[in-house]
Amino acid sequence: MNLVFLGPPGSGKGTQAARLARELGIVHLSSGDMLREAVRRETELGRKAGEYISKGELVPDDLMIEVIEENVSSGKLGGGFILDGFPRTVPQAEALGAMFDRHGISLDKAVLLRVSTETIFARLKGRAAQENRSDDTEEVIRRRLDVYEKQTRPIEEFYRRESILTEIKGEGTPENVFDAIVEATA
Ligand code: AMP
């Protein structure tokens with residue numbers, strides 16, 4: 001099973017992607033986790049990406065595409081995967097498609113979690129209190145939602161045109177949302 005998960009920050013896609021990957025025994029690749037780990041370890045990628053992350057901006061496409069290309073080329077996605085947080089822009093989605101073509105990989109579905117702005121705010125503020133993430137302040141949350149609308153929303157249409165977009169209502173309990181995802185991807 002080869003999936004990408006889409007949805008605004010706070011839609012629950014990270015939690016749901018991790019759980020589904022665990023249950024299916026496939027790889028969960030979270031671009032946000034990879035970048036935060038690079039920042040923490042102070043690698044070259046971390047140094048380049050850190051400032052964008054703390055401002056709520058996207059890391060530049062060329063840098064992000066290179067990171068994903070390394071993962072795709074490594075062969076570790078061969079047994080199935082969920083990409084979580086990538087692609088985030090139309091150029092990233094196009095580059096991903098080209099990479100998959102080169103490696104003989106095809107995407108089964110793009111799973112989109114739909115959640116209202118009010119729910120997102122409530123969730124992200126709760127997470128800010130718990131996890132102390134540098135990008136969960138109110139100002140940065142607003143910026144990230146704005147970035148999602150402008151730069152990420154268009155890839156919903158990109159996958160709709162490829163006829164692999166599956167929309168899930170992300171508002172219920174985590175259990176209900178998970179069941180809906182399992183049903184939609186079975
Ligand atoms: P996330 O945990 O997916 O919400 O990502 C946290 C932050 O990492 C984002 O706000 C961006 O700054 C950066 N990031 C994660 N994935 C990408 C991506 N595909 N393209 C650009 N920036 C990204």
Can you spot a residue in region 117-130 that is among the aliphatic types (A, V, I, L, M), surrounded by 15 or more Cβ atoms within 10 Å (Cβ to Cβ), within 30 Å of Ala186 (Cα to Cα) and more than 13 Å from the ligand (Cβ to nearest atom)? no
Residues that are open to solvent by 40 Å² or more (accessible area, probe 1.4 Å) and closer than 22 Å to Val4 by Cα: find the helices (runs of 4 or more DSSP H) completely inside region 25-74 holding 2 or more of those. 31-41, 61-73
From the set of residues in region 42-96 that are away from the ligand (no atom under 12 Å from the Cβ) and at positive phi, which is nearest to the chain's Cα centre (by Cα)? Gly80
So which residues in region 78-94 are modelled with pLDDT under 95 and either surrounded by 15 or more Cβ atoms within 10 Å (Cβ to Cβ) or of a type in the set (A, V, I, L, M, F, W, C) (or both), if there are any at all? none
Does Val59 meet the test of being within 19 Å of Leu165 (Cβ to Cβ) and of a type outside the set (S, T, N, Q)? no
Residue pairs within 6 Å by beta carbon, gap of at least six or interchain, first lying in region 61-88 and over 28 Å from Asp146 (Cβ atoms), second part of a loop (DSSP other than H, G, I, E, B) and of a type outside the set (Asp, Glu), listed first then second, are Gly80/Met1; Gly80/Ile26; Phe81/Ile26
Considering only region 125-143, I want to know if a residue exists there that is within 15 Å of the chain's Cα centre (by Cα), touching a residue at least 60 places away in the same chain (Cβ under 8 Å) and over 16 Å from Ser11 (Cα atoms). no
Search result, residues across region 158-174 that are assigned to a helix (DSSP H, G or I) and either closer than 19 Å to Ser116 by Cβ or open to solvent by 80 Å² or more (accessible area, probe 1.4 Å) (or both): Arg160, Arg161, Pro174
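How many residues, within region 96-151, are among the β-branched types (Val, Ile, Thr) and not in a helix (DSSP H, G or I)?
Here the count works out to 4.
The values are calculated or read from the model by the stated rules, or taken from the named source; none is laboratory data. All values reported here derive from a predicted model rather than from experimental measurement. So basically every Cβ, Gly included, is an ideal-geometry build from the backbone, and we count neighbours across all protein chains shown. Side chains included, ligands, DNA and RNA excluded: accessible areas come from the protein's heavy atoms. Shrake-Rupley method; radii C 1.70, N 1.55, O 1.52, S 1.80 Å.
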